[in-house]
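One structure is given here, and the rest of the page talks about it.
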Amino acid sequence: MSRAKVKTAYVCSDCGAEHAKWQGQCNACGEWNTLSRVNIGPIKEASVGFAGSTAQIKKLIDVDTEEVARIGTSFDEFDRVLGGGLVPGSVVLIGGDPGAGKSTLLLQISTRLAQQRGVLYVTGEESLQQLAMRAKRLSLPLDGLQVAAETRAEVIATHIEQQRPEVVILDSVQVLQMANIDSMPGSVTQVRETAAFFTRLAKQTDTVIILVGHITKEGGLAGPKVLEHMIDCFMMLDSPAGSRYRTLRGHKNRFGAVNELGVFAMTDSGMKEVANPSAIFLQRGDVDSPGSVATVTWEGTRPLLVELQALVDDVASGYPKRVAVGLDQQRLAMHLAVLHRHCGITLADQDVFANVVGGVRIQETGADLALLLAVLSSFRDRILPRDLIVFGELGLTGELRPVANGQERLREAAKHGFKQAIVPYANRPKDRVANMTVHGARNLAAALEVLAAF
Ligand code: TYD
Ligand code: MG
């Protein structure tokens, strides 16, 4: 291989964008001081794209669209996030903090899958002995699964080409390296090139490749943005501090709905699926307190009941704090402005803290109204009825906007014993929801009137 053609580039450690010259700010993502000089090896097979072999031009109508059979992982929560199982030839990236349980979950999945299919687990972080000990401790079936402790991409590729497993787990992408890339394992260039290499291999050999990545939400070195465009599915295993529950959320999926949420619990015997997440996220204590409101969010294809909590207190020092955990901080500030402008209630001299119990992250706007009512409940030191469920999006003009799947949300709440609901007017159910009184409110002021009548 010719070393002469080594190219130098300045690569952003945040998004992986390449620049010919050093500059203070990355053009692609706008981050400052993230460019560093790297040597990029001569890229082989430049004529072959991520999708595999060289392109043949066809008429769209002639393209084979037969549904490929998906490979079920026997973990329903995992399959749900994948959109119904693994698709042959696809590349799945599973990110998460170290210790989230990625290796544990994948070991459980791969030992089960290996009972019927060829599965190869490549570990670059743990030794084979550690892997075997863990599998034994978790009483997983040891026969079937093929394992290798290897970090050289080319060697792994040879194994894959010879053994032809249907599913390959690479744990983790940060320790893999390609011989012709002149930079450290885990660096942006190494991660990007090995991921591209395995993506091509997956398409060419029709193998499912599951890449594990230590990826924090903030991105960090070799963050998801570097890989996102080439892989098919990207999911994050989130581990809220101090909680034994883990949420697996799809962030990109070429074969299914994005934003699906799978819920697991880390137990002494490995990762267990949580079939009814509403029941665990809504475990409320016996004592009712102000600042607590239940809401029902929509996660992918199903409703999820969660408890929102708020604490409003006199400003401790300096300017008022607005802190939201599991919710969008900007939206909290926006809602407080709406509350002031449209209902005349000011919290300018108050610190406001908000939290989603259980460590779930709410990414949709359906929790707006519930968040604001939790804040008001704490501010006024008034307990809201325990059997009250609230959802709805709040607009800047103070109007309450409907959210998708209102009827299903109400039904889920009724199933868990909620008796009354405050929802946007347009979300009032067409059919009566059993055992539930539903109040439709056109705007925030109307919702507060309903509340005052309780
Ligand atoms: P691991 O799967 O190694 O995390 P990752 O691969 O994402 O870095 O999980 C390690 C953590 O999980 C560690 O803190 C111990 C805990 N754990 C359990 O609580 N129960 C178990 O059965 C196992 C195997 C691990
Ligand atoms: Mg691990």
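The values are calculated or read from the model by the stated rules, or taken from the named source; none is laboratory data. Owing to the predicted nature of the structure, the values given are computational and were not obtained by experimental measurement. Every residue, glycine as well, gets a Cβ built from its backbone with ideal geometry; the counts of neighbours run over all protein chains shown. In case anyone asks, the SASA skips ligands and DNA or RNA and just uses the protein heavy atoms, side chains included. Shrake-Rupley method; radii C 1.70, N 1.55, O 1.52, S 1.80 Å.
I'd like the full set of residues that are charged (D, E, K, R), open to solvent by less than 20 Å² (accessible area, probe 1.4 Å) and under 20 Å from Gly326 (Cβ atoms), limited to the stretch 227-245. Steps first, answer last, please.
Restricting attention to the stretch 227-245, the residues satisfying the condition of being charged (D, E, K, R) are 228, 232, 238, 244.
Pick out the ones that are also open to solvent by less than 20 Å² (accessible area, probe 1.4 Å) and you get 232.
Correct list: empty.
Results for (1) within 29 Å of Asp286 (Cα to Cα); (2) free of Cβ contacts under 8 Å to residues at least 24 places away in the same chain; (3) of a type in the set (Gly, Ala, Ser), shown as yes or no for each residue.
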| position | (1), (2), (3) |
| --- | --- |
| Ala374 | yes, no, yes |
| Ala413 | yes, no, yes |
| Phe418 | yes, no, no |
| Met436 | yes, no, no |
| Ala453 | yes, yes, yes |
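Taking the condition over 28 Å from Ser239 (Cα atoms) and under 26 Å from the mean Cα position of the chain (by Cα), does Pro402 pass? Walk me through how you get there before you give the answer.
Values: over 28 Å from Ser239 (Cα atoms): yes; under 26 Å from the mean Cα position of the chain (by Cα): yes.
Judged against the criteria, Pro402 is a match.
Here's the yes/no breakdown for (1) away from ligand 2 (no atom under 14 Å from the Cβ); (2) touching a strand residue (DSSP E or B) at 6+ places or on another chain (Cβ under 9 Å); (3) open to solvent by less than 30 Å² (accessible area, probe 1.4 Å):
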| site | (1), (2), (3) |
| --- | --- |
| Glu67 | yes, no, no |
| Phe75 | yes, yes, yes |
| Pro88 | yes, yes, no |
| Ile109 | no, yes, yes |
| Ala114 | yes, yes, yes |
| Val119 | yes, yes, yes |
| Gly124 | no, yes, yes |
| Ser127 | no, yes, no |
| Ala132 | yes, yes, no |
Original post:
Where residues in the stretch 113-166 are touching a Pro at 6+ places or on another chain (Cβ under 8 Å) and assigned to a loop (DSSP other than H, G, I, E, B), which of them is nearest to Met178 (Cα to Cα)?
Top reply: Thr151
**OP:** Kindly list the number of the only condition in (1) in a helix (DSSP H, G or I); (2) within 9 Å of ligand 1 (Cβ to nearest atom); (3) of a type in the set (A, V, I, L, M) that fails for Ala100.
**Re:** (1)
Original post:
Would you pick out the residues in the stretch 246-265 that are in contact (Cβ under 8 Å) with a residue 24 or more places away in the chain, surrounded by fewer than 19 Cβ atoms within 10 Å (Cβ to Cβ) and within 13 Å of ligand 1 (Cβ to nearest atom)?
Top reply: none
Subject >> Matching residues, the stretch 152-180, being touching a Leu at 6+ places or on another chain (Cβ under 9 Å), touching a residue at least 60 places away in the same chain (Cβ under 8 Å) and open to solvent by 10 Å² or more (accessible area, probe 1.4 Å) >> reply: Glu166
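Kindly provide the set of residues from the stretch 288-301 that are under 16 Å from the mean Cα position of the chain (by Cα) and either within 14 Å of Gly417 (Cα to Cα) or open to solvent by less than 30 Å² (accessible area, probe 1.4 Å) (or both), ordered by number. Steps first, please.
Initial filter on the stretch 288-301 (under 16 Å from the mean Cα position of the chain (by Cα)): 297-301.
If the condition is that a residue be under 16 Å from the mean Cα position of the chain (by Cα) and either within 14 Å of Gly417 (Cα to Cα) or open to solvent by less than 30 Å² (accessible area, probe 1.4 Å) (or both), then Thr297, Glu299, Gly300 are the ones that fit.
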Original post:
Restricting attention to the stretch 432-450, and to residues there that are closer than 20 Å to Ala414 by Cβ and part of a helix (DSSP H, G or I), which single residue is least open to solvent (accessible area, probe 1.4 Å)?
Top reply: Ala447
Subject >> Pair list, Cβ < 6 Å and 6+ apart or interchain, from the stretch 183-204 residues that are in a loop (DSSP other than H, G, I, E, B) to residues that are among the aliphatic types (A, V, I, L, M) >> reply: Ser183/Val38; Pro185/Val175
Original post:
For residues in the stretch 243-270 being assigned to a loop (DSSP other than H, G, I, E, B) and either within 27 Å of Val68 (Cβ to Cβ) or in contact with a helix residue (DSSP H, G or I) (Cβ under 7 Å, 6 or more places away or on another chain) (or both), which is modelled with the lowest pLDDT?
Top reply: Asn259
**OP:** Can you run down the residue pairs with Cβ atoms below 8 Å, 6 or more apart or on separate chains, where the first is in the stretch 266-287 and under 14 Å from Leu138 (Cβ atoms) and open to solvent by 40 Å² or more (accessible area, probe 1.4 Å) and the partner is at pLDDT below 90 and within 16 Å of ligand 2 (Cβ to nearest atom)?
**Re:** Met266/Ser239
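Could you list, in sequence order, all residues of the stretch 400-431 that are among the aromatic types (Phe, Trp, Tyr) and outside any helix (DSSP H, G or I)?
Taking the stretch 400-431 first, the residues among the aromatic types (Phe, Trp, Tyr) are 418, 425.
Result: Phe418, single match.
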Original post:
When the stretch 295-322 is examined, which residues are found to be at pLDDT 90 or above and of a type in the set (Ser, Thr, Tyr)?
Top reply: Thr295, Thr297, Tyr319
Subject >> Considering residues of the stretch 194-210 that are of a type outside the set (S, T, N, Q) and touching a strand residue (DSSP E or B) at 6+ places or on another chain (Cβ under 8 Å) only, the residue surrounded by the fewest Cβ atoms within 10 Å (Cβ to Cβ) >> reply: Leu201
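If you take the residues in the stretch 65-103 that are of a type in the set (Ser, Thr, Tyr) and touching a helix residue (DSSP H, G or I) at 6+ places or on another chain (Cβ under 7 Å), which one is nearest to Glu166 (Cα to Cα)?
Within the stretch 65-103, the first condition is being of a type in the set (Ser, Thr, Tyr), and the residues that meet it are 65, 73-74, 90, 103.
When the remaining residues are screened for being touching a helix residue (DSSP H, G or I) at 6+ places or on another chain (Cβ under 7 Å), the result is 73-74, 90.
Numbers: Thr73: 12, Ser74: 15, Ser90: 11 Å.
Step by step, filter the stretch 65-103, then rank; the result is Ser90.
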Original post:
Going by the conditions given, is Ala310 touching a strand residue (DSSP E or B) at 6+ places or on another chain (Cβ under 8 Å), open to solvent by less than 30 Å² (accessible area, probe 1.4 Å) and within 21 Å of Leu388 (Cα to Cα)?
Top reply: yes
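Give me a count of the residues in the stretch 134-170 that are small (Gly, Ala, Ser) and more than 16 Å from ligand 2 (Cβ to nearest atom). Lay out the reasoning, then the answer.
Taking the stretch 134-170 and keeping what is small (Gly, Ala, Ser), we get 135, 139, 144, 148-149, 153, 157.
Filter once more, keeping what is more than 16 Å from ligand 2 (Cβ to nearest atom): 139, 144, 153, 157.
The qualifying residues number 4.
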